[in-house]
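Asker: Have a look at the structure that comes next, please.
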Amino acid sequence: MILKRISILNYKNIHEATLQLSPKMNCFVGHNGEGKTNLLDAVYYLSFCRSSNNPIDSQIINHDQDFFVVEGEYVSDEMTDADVPMSIYCGMKRGTKKHFKRDKKEYRRLSDHIGLIPIVFVSPADTLLIDGAGEDRRRLMDMVISQYDRLYIETLSGYNKALQQRNALLRMEQEPDPTMLDIWERQMAENGEKLYEKRRAFVEELIPVFQRIYQQIAAGREEVSLRYVSHCERGPLLDVIQRDRHKDRAVGYSLHGVHRDDLEMLIDGYPVRREGSQGQHKTFVIALKLAQFDFLRRTVSATTPLLLLDDIFDKLDAQRVERIVRLVSDEGYGQIFMTDTNRQHLDEILRSGTSQYKLFHVEGGVITEQNDVS
């Protein structure tokens, strides 16, 4: 998929911008806090119906305005002159619900849009995949799988609803109705085992791709791996959930289930959070995200994901930077959006990479196309 044109009104600090984009490489340069990441976030919003870093839509609206609008015009990877571009619109006024439209027709359910425009976003916040809680790593799996498996979101929603209902019963002052507990536990188990199988299959297929990409970036200096850990490995999930009902009742929430799953990240056989340097951490998450890209490219039929690279070269040595640039310059990577604070850095990348590019300068939320690479 290629984003041919994007229009933005009042999205965070970007008051107004209309950009004609390159089908290959789009670079945005500017100091920190000027709006480069906000531009990438607007592109992300068009794919996921939400911001990458703020789940509260009203907080995305510029402080001095009452609404925001983001519109994108997309074409397929192999578009011919006879093909009609696809338009995506999202907008929201304060105090009202947001509207999301495809070719001027509003979606009945936002989940119907997920996966239409696959996307991978690599950002400094990805260090949470290593340093953060299991929730961050589960979200990673859920976001990738939901882009190619339409039923996954429904299954995840069903599990979360059952989990919330069971937790509400566990928190009651009086003894909860065991029949109602049993109903919600069975729904948790049924949906949870489906989620487990889909996550397990995804991780198993992702590991060799991730290892190959990491070795390409690190030049074979370290061995890395992933391991999916789940309560489903302890036996039938219903038995696992019901086994410690009294403990769950004591703490007021469910201690067992796929909402406690995790993705262990290992380097040379040890947890990367304890063993890795800053450069190794950065290499790990970049390789993981590029592996996701490769996975989606092979799994989602007839379209190549968009790749967003936000300030990814900090804390990496020159050799690893060069190898990453070589990787993403490959024809298989499609359209790329890249930000950096260093104009000279981007100039070197563009000279060594694709001939199809556009360079934009970002300052105070104003985005200006640059005509040359000096």
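The values are calculated or read from the model by the stated rules, or taken from the named source; none is laboratory data. Predicted model, so just to flag it, every value in this text is computed and none were measured. When we count neighbours, we look across all protein chains shown, and the Cβ atoms used for this are built from the backbone with ideal geometry, even at glycine. The protein model used for the area step is the full one, side chains on, heavy atoms only, and it has no ligands, DNA or RNA in it. Shrake-Rupley method; radii C 1.70, N 1.55, O 1.52, S 1.80 Å.
Asker: Note down the net charge around ASP294, summing +1 for each Lys or Arg and -1 for each Asp or Glu among other residues with Cβ under 12 Å from its Cβ. If you can, show how the numbers build up before the last one.
Answerer: Working: positive: ARG212, LYS289, ARG297, ARG298; negative: GLU205, ASP330.
Combined, the nearby Lys, Arg, Asp and Glu give +2.
Asker: Using a Gaussian network model on the chain with a 10 Å cutoff between Cα atoms, which of SER111, SER277, SER22 fluctuates the most?
Answerer: SER277
Asker: Where in the chain lies the longest segment free of GluC sites (Glu not before Pro) that are both loop residues by DSSP (not H, G, I, E, B) and have at most 15 other Cβ atoms within 10 Å?
Answerer: Longest site-free region, per DSSP loop and neighbour criteria: 224-374.
Asker: Please give the per residue volume of the convex hull enclosing the alpha carbon atoms of the stretch 151-210, rounded to a whole number of Å³.
Answerer: Normalising the Cα hull of the stretch 151-210 by residue number yields 81 Å³.
Asker: Normalising by the residue count of the chain, find the relative contact order in percent from Cα pairs under 8 Å and 6+ residues apart.
Answerer: Values: 652 pairs, mean separation 97.1, N = 374.
Over the chain, the number comes to 26 percent.
Asker: Roughly how large, in nm² to one decimal, is the mean projection of the convex hull of the alpha-carbon atoms in the stretch 279-332?
Answerer: Result: a mean projected hull area of 3.7 nm².
Asker: Tell me the accessible surface of HIS256 in square angstrom (1.4 angstrom probe, heavy atoms of protein chains only), to the nearest ten.
Answerer: 30
Asker: Using a 1.4 angstrom probe on heavy atoms only, work out the carbon and sulfur share of the accessible area of the chain in %.
Answerer: That fraction is 47 percent.
Asker: Let me ask another. With all protein chains present and a 1.4 Å probe, how do TYR253, TYR214 order by accessible area, largest first?
Answerer: TYR253, TYR214
Asker: Also: Taking each pair of distinct Cα atoms in the stretch 88-177 once, what is the resulting Kirkwood hydrodynamic radius in Å?
Answerer: 16.3
Asker: Relative contact order of the stretch 1-102: what whole-number percent is it, with Cα pairs under 8 angstrom and at least 6 residues apart?
Answerer: Result for the stretch 1-102 is 30 percent.
Asker: Using the Kirkwood radius over C-alpha pairs as Rh, can you work out the diffusion coefficient of the stretch 1-150 via Stokes-Einstein at 20 °C, viscosity 1.002 mPa s, in µm² per second? Walk me through the intermediate numbers first.
Answerer: Working: Rh = 16.5 Å.
Once the numbers are plugged in, D ends up at 130 µm²/s.
Asker: Also, quick follow-up: I'd like the per residue volume of the convex hull spanned by the Cα atoms of the stretch 182-290, given in cubic angstrom.
Answerer: Looking at the stretch 182-290, the number lands at 118 Å³ per residue.
Asker: Longest span of the chain, sites excluded, free of trypsin sites (Lys or Arg not before Pro) in DSSP loop with at most 13 other C-beta atoms within 10 Å?
Answerer: 222-374
Asker: Right, something else. Over the Cα atoms of the stretch 125-266, each weighted equally, I'd like the Debye log10 I(q)/I(0) at q = 0.16, 0.19 Å⁻¹, rounded to two decimals.
Answerer: So the normalised log intensities are -0.87, -1.12.
Asker: In nm, to one decimal, how far is the ILE207 label point from the SER76 one, both placed 7 Å along Cα→Cβ?
Answerer: In this crude spin-label approximation the distance works out to 3.7 nm.
Asker: Can you send over the solvent-accessible area of VAL366, 1.4 Å probe, protein chains only, in Å² to the nearest 10?
Answerer: Number for this one is 90 Å².
Asker: Please list THR303, THR37 in order of solvent-accessible area, largest first, computed with a 1.4 Å probe with all protein chains present. Before the final figure, lay out each step's value.
Answerer: Working: THR303 15, THR37 50 Å².
Most to least solvent-accessible, the answer reads THR37, THR303.
Asker: Evaluate Rg over Rh across the stretch 44-110, taking Cα atoms for both radii and Kirkwood's formula for Rh. Can you show the working numbers first?
Answerer: Values: Rg = 13.7 Å, Rh = 13.2 Å.
Using Cα coordinates only, the ratio equals 1.04.
Asker: Heavy-atom accessible area of LEU128 with all protein chains present, probe 1.4 Å, nearest 10 Å²?
Answerer: 90
Asker: Averaged across orientations, what area in nm² does the convex hull of the alpha carbons in the chain project?
Answerer: Hull-based average projected area comes out at 20.5 nm².
Asker: Skip the ligands, DNA and RNA, and give the accessible area per residue of the chain with a 1.4 Å probe, whole Å². Intermediate values should be presented prior to the final figure.
Answerer: Values: 17680 Å² over 374 residues.
The answer is 47 Å² per residue.
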